[in-house]
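Accompanying notes for the structure given below.
What follows draws every value from the coordinates through simple rules; no lab data is involved. These figures come from a predicted structure and were not determined experimentally. Because the Cβ atoms are built from the backbone with ideal geometry, glycine has one as well, and the counts that use them run over all protein chains shown.
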There are 2 protein chains.
Amino acid sequence: MHTKLTENVSPSRNTSTLILTLSKYPVIQTKLIPRTPSAYEPPMLIKSLLAQSLRFNPTREIIYRDLFRMDYFEFNKRVRRLANALTKVGINAGDTVAVLDWDSHRYLECFFAVPMMGAILHTVNVRLSPEQILYTIEHAEDSIILVHEDFLPIIEAVKDKITTTKRFIVLSDKVYGEAKAELSETSFDTLGEYESLLAEASESYDFQDFDENTWATTFYTTGTTGNPKGVYFSHRQLFLHTMGLMSLFTGYEAVPFSHQDVYMPITPLFHVHAWGFPLFATMLNNKQVYPGRYEPEMLLKLLLKEKVTFSHCVPTILGMLVNSPVAKQVDLSKWKVVIGGSALTRGLAKAALDLGINVSQGYGMSETAPVMSIVHLNDEQQNWNQEKQLDLRTKAGRIAPFVEMRLIDDAGEFLPHDGKTVGEIVTRGPWMTQGYFKDPENSEKLWQGGWLHTGDVASIGPDYYVSITDRVKDVIKTGGEWVPSLDIENIFSQIEGVAEVAVVGLPDERWGERPYAIVVAKPEFANKLNDEVIRNYLDAEVEAGKIKKWYVPDRIVFVPEIPKTSVGKLDKKKIRVEMRDLLLG
Amino acid sequence: MHTKLTENVSPSRNTSTLILTLSKYPVIQTKLIPRTPSAYEPPMLIKSLLAQSLRFNPTREIIYRDLFRMDYFEFNKRVRRLANALTKVGINAGDTVAVLDWDSHRYLECFFAVPMMGAILHTVNVRLSPEQILYTIEHAEDSIILVHEDFLPIIEAVKDKITTTKRFIVLSDKVYGEAKAELSETSFDTLGEYESLLAEASESYDFQDFDENTWATTFYTTGTTGNPKGVYFSHRQLFLHTMGLMSLFTGYEAVPFSHQDVYMPITPLFHVHAWGFPLFATMLNNKQVYPGRYEPEMLLKLLLKEKVTFSHCVPTILGMLVNSPVAKQVDLSKWKVVIGGSALTRGLAKAALDLGINVSQGYGMSETAPVMSIVHLNDEQQNWNQEKQLDLRTKAGRIAPFVEMRLIDDAGEFLPHDGKTVGEIVTRGPWMTQGYFKDPENSEKLWQGGWLHTGDVASIGPDYYVSITDRVKDVIKTGGEWVPSLDIENIFSQIEGVAEVAVVGLPDERWGERPYAIVVAKPEFANKLNDEVIRNYLDAEVEAGKIKKWYVPDRIVFVPEIPKTSVGKLDKKKIRVEMRDLLLG
């Protein structure tokens, strides 16, 4: 397996001075030039990004809702105050600092102060269940927990089971401006409130140099089974990811991002560092707006008031904003949005473009820091009409700078990048997680032969464009071919009367697997839509060369409802089990 | 000395597996997260920059005068052909490849193919004397020499003294298009002509991974005394320098550079990698124009024909172009120029701005790869009038991303960045040479206490703006104060009748040193300009608070001519000797 993959990686040695930085690559040295003993070559640390924020336009502002605003001079001082405040309560380099907060200036301060101290920032996913949050706190061995008042109930629910720390700092919006009010009571001891602790702390702190491979952040990714898995990133990785964003957005102008843009994240800061943009925008000295919670009207108001020009979010949020009654009354033609997280539909992309919003899709994972690809219209494509551009804007995009991607088949052999052949995406690059925290088994599954296995099935074009068609576990393997279930579902969805559809693979003695479809008919088509109607449609598509003959499902089953996961995605695992019981059992 | 400087650097060990990549910084590891054995984190190599050139707009062109043009697909193939051609004639990783060429597509191919093979590119300064060129070839132990026909006389003159190689490849412009003609004869054996060797070579080559600290380039810098000194840069350094340019020019838009700009270098490619722009423009897929020789009319024609929008050059070249009769007849308002090498005068900057040229100055050295600072107008300064902007545009600029600069006094103590206090600039950053090749003595003088000593005297403002006032060896140290000779000379040059002036320091028992001036009067002022006239002017300036009292020279000597160096700069060393003999001897 993986016979063609490169094997030039050796494990690092666990000794105190050599760890993580031993060269994994051959050093060429026929003509050795020594380094002068006193010469200095700095490590690439997160502090190098922050240092830039004082140089160019430091009077630009960082804003939290209508509650708090400061310039970059103040921000730099507050980062130092936070480092001193954490030091004072006993946090040292190597400790892990957990944060549960809305998207705020406080969170941005933690993004810098915690890793710059040499500590690890654990950005807690507040959407997990209290039990899962407890699991991640315990698993990451957090040394302190910074928790917003709104999330105190979570901590109250699990506090007796937290063994890793008794240190808590409370974050509150009630300490700002007109919002001032009494803080919520807690049933446990805390070290105090964030702003008070900062006010008491010194604004000077000498952040030390350390090895650039020191871990900076960790957070947990959840699958459909098993416990959350902790990914982690080093200073070097986050530095280079920022350089990747710089190249992609200011260099190639995938979605043009200039230092004059006003940036507002609408992807939570706990979610893969808000895709890395807060570090990038801080380095570039952009005006930044942190919106707290995601209420459509409030977001639109903030967007207009602060003249926001650049955001990123999942399709659901974009849909909420585009469909908000307020959206029709305002000019959104200066707003640029990067979409990720799940697939951007053609309809939503069109609705956004019709409002003047520059919308493009990107592709990434928690494991990849996250950017792997993003839609980028080159010279020629800029001149295409909207319809043709939509074909591109709803793809996973062009492979990002410094990221390598390949497609592999079942045997781990590389497949051609012809825009047609589908295979599993494997990737490598300067900012991929090096494993899952304390989980060697899953780490080894993730990394095989020097490539990170994404579990996504796609084709890649000679133009470096990636089109995702499936998850590996959902792809249907029939007669040595991979049939992308998404492609068949797309064709079904174009048949008049089809409300919903799911296509899964079931075991077949001769072909390995064969596709099966379950369909929900629209009520008014209940009597008209049947097996024959659908087969006629599919046969015509086969005839027209649009799909291959073996894409046509062996059986089409009509059902009143299709099983879904808690977040509304098709639950293919459950569908497979139910279909097997029904048809083959 | 240097009590405040950081001393966290330890020498690397010269063993075959650990060299250069041992961590020089403490590794924080209370909470150790192991790297998965098969995980891959790529080294930052020059090949990572080239890889991007195929992704975005690979159909853009690279052009050599009116002789040769190709797109990026072709360029990538030719880089591979060159690597194969060099391999075939016995060049291996670790060897050094010398190039003597005009600015051409061939040179750009060497920029990539040679370091990507693991070899070191030696960019030979063709303006040195044949003896100095011989010295650098021997000192760098070059394994092969690629030489343009026009520079064959240099090699003919010294060929019998070259001991390090007998391998020569001839580069010629006579092989392209209508220029085709017989190649020049050589009195020594060569391996053939560049294009023929490429034509015979395969266009596929698998560039291997190796340690990012592998040396990639070397070239020689000449001072007023001693042999040329060899600086050298690693793949990591050139990668990060490119990221620095990306941040500076596309991110902060110091001088706005977009992927849509048409780039033409007018600083030789042998001169500090043409300031790093060819690597940067190649990564960004810009259309690139290589002009060969520098003849003003030809440059302007090429500039207009290919719609060049971005260049860099020394003031002399800008002056030639601006003063060319052709310049008045054409629209240069879309042309942006970065100036470096020597000081941009206010007059030249104004003349360029009046033609619509966006002109800004940068500061760098051979030792610093080179970019250390560049003029950048922030939000506020963009709105200033031209006069006020000129004050900035003729400064050395704002400190570049990731570069650190400090001012030190004689004792090595740090001085304040108040925009007034002057001291020697010391610097550190991710792309500084780590010493001089085979020259430990000068290397140790360059690097002291972890800081690279530039030998330049300047003030630095709280806004990170750098104003250079002197070379350390020319500064006048009087009564514990550093008097910038440039400032006094500037005041002299404003006195009616002064044609030329030089101010130097001579020993003084009481003050250490005192300033002395020599002046050339304009012929028509020969009888009017005297000591008294000048002293009255200076006294008025002192009174007005424009200069300090101790800036007024002890003696003003009128001479018919001021000693200059071969490149036309004031020869302060000679002036000091002559003045001492004349006045104190």
Ranked A:Glu387, B:Glu149, criterion: other C-beta atoms within 10 Å, fewest first: A:Glu387, B:Glu149
Relative to the other copies, what are the label-point distances for B:Gly192, with labels 7 Å from Cα along the C-beta vector, expressed in nm at one decimal and sorted shortest first? 7.8
I need the calculated FRET efficiency for the pair A:Tyr537 and A:Leu304, taking r as the beta carbon distance and R₀ as 56 Å, to the nearest 0.05. 0.75
Tell me which residues come under 5 Å, amide H to amide H, from A:Ile266 once H is placed; ignore anything under 5 positions away on its chain. A:His312
Averaging 1/r across every pair of distinct alpha carbons in the range B:429-470 and inverting yields a Kirkwood hydrodynamic radius, in angstrom, of 12.0
When the convex hull of the Cα atoms of the range A:179-245 is projected onto a plane and the area is averaged over all directions, what value comes out in nm²? 9.7
Computed over the Cα atoms, what is the radius of gyration of the protein assembly as shown divided by 2.2 N^0.38 Å, N being its residue count? 1.01
Against the empirical 2.2 N^0.38 Å scaling, what ratio does the C-alpha Rg of the range B:214-346 come to? 1.12
Over all directions, how big on average is the projection of the convex hull of the alpha-carbon atoms in the range A:120-181, in square nanometres? 4.7
Nearest-20 debye value, the range A:475-584 charge dipole, Cβ charges on Lys, Arg, Asp, Glu: 340
Once amide H atoms are placed 1.01 Å from N in the peptide plane, what residues at a sequence separation of 5 or more from B:Ile547, or on another chain, have their amide H within under 5 Å of its amide H? B:Val542
How far apart, in nanometres, would the label points at B:Lys564 and A:Glu74 be if each is projected 7 angstrom from Cα along the Cα-to-Cβ direction? 5.5
Log entry: pair-distance distribution for the range A:73-181, C-alpha pairs binned every 10 Å from zero, whole % per bin is 14, 48, 32, 6, 0
Hz values of 3J(HN,Hα) by residue in the range A:91-105 - Karplus curve (6.51, -1.76, 1.60), Gly and Pro given as x: 7, 10, 3, x, 6, 10, 10, 8, 10, 10, 8, 6, 6, 9, 4
Selection from B:Gly455, B:Asn84, B:Trp335, by position along the positive dipole direction of the range B:46-467 (Cβ): B:Trp335
Put a point 7 Å out from Cα along the line to Cβ at A:Asp331; what are the distances to that point in the other copies, in nm, shortest first? 2.8
Report the equivalent ellipsoid semi-axes for the range B:286-442 in whole Å, largest first, defined as the square roots of five times the eigenvalues of the gyration tensor built from alpha carbon atoms. 32, 21, 13
Of all DSSP beta bridges in chain A, antiparallel share, percent nearest 5: 60
Listed with the fewest Cβ neighbours within 10 Å leading, B:Arg393, A:Arg127 appear as A:Arg127, B:Arg393
Can you pull the semi-axes for the range B:141-214, root of five times each eigenvalue of the Cα gyration tensor, sorted largest first, whole Å? 25, 21, 10
Kindly express, to the nearest 10 degrees and within the range 0 to 90, the angle between helix B:235-245's C-alpha long axis and the longest C-alpha principal axis of chain B. 60
For the range A:475-584, max minus min Cα coordinate along each principal axis, in Å, sorted largest first? 39, 37, 25
Give the percent of DSSP beta bridges with both residues in the protein assembly as shown that are antiparallel, rounded to the nearest 5. 60
Percent of Cα-Cα pairs more than 18 Å apart in the range B:366-487, please. 55
Computed for the protein assembly as shown: size of charge dipole around the Cα centre, +1 on C-beta of each Lys and Arg, -1 on C-beta of each Asp and Glu, debye to nearest 20, value 60
If each residue's Cβ is checked for other Cβ atoms within 10 Å, how do A:Asp539, A:Asp571 rank with the fewest at the top? A:Asp539, A:Asp571
For the range A:46-467, what is the largest minus smallest coordinate of the Cα atoms on each principal axis, given in angstrom and ordered from greatest to least? 60, 53, 40
For a quick check: with amide H placed at 1.01 Å from N, whose amide H comes under 5 Å from A:Asp456's, ignoring anything fewer than 5 positions away on the same chain? A:Ile425, A:Val472
Estimated vicinal HN-Hα couplings, Hz - the range A:271-284 in sequence order (Karplus 6.51, -1.76, 1.60; Gly, Pro = x): 9, 6, 6, 6, 6, x, 5, x, 5, 5, 5, 5, 4, 7
Nearest 20 debye, what's the magnitude of the dipole of the range B:46-467 about its Cα centre given +1 on Lys and Arg Cβ and -1 on Asp and Glu Cβ? 860
Copy-to-copy label separations for A:Thr421, where each label sits 7 Å from Cα toward Cβ, in nm and ascending: 6.5
Tell me, what ³J(HN,Hα) does each residue in the range B:168-173 have, in order and in whole Hz, if you take phi through Karplus 6.51 cos²θ - 1.76 cosθ + 1.60 with θ = phi - 60° and put x for Gly and Pro? 9, 10, 9, 9, 8, 8
In whole angstrom, the spacing between the Cα centers of the range A:316-333 and the range B:132-189 equals 67
Kirkwood estimate for the range B:290-373, i.e. one over the average of 1/r between Cα atoms, Å: 13.2
Let me have the relative contact order for chain B, percent, based on Cα pairs under 8 Å that are six or more residues apart. 11
Between rounded, prolate and oblate, where does the range A:33-107 land on the alpha carbon gyration tensor, with a ≥ b ≥ c its root eigenvalues, rounded for a/c under 1.5, else prolate if a/b exceeds b/c? oblate
Correct semi-axes for the range A:218-279, from √(5λ) of the alpha-carbon gyration tensor and rounded to whole Å with the largest first, are 26, 14, 10
On a 0 to 90° scale, report how tilted helix A:130-139 is relative to the longest principal axis of chain A, with both axes built from alpha carbons and the result rounded to the nearest 10. 60
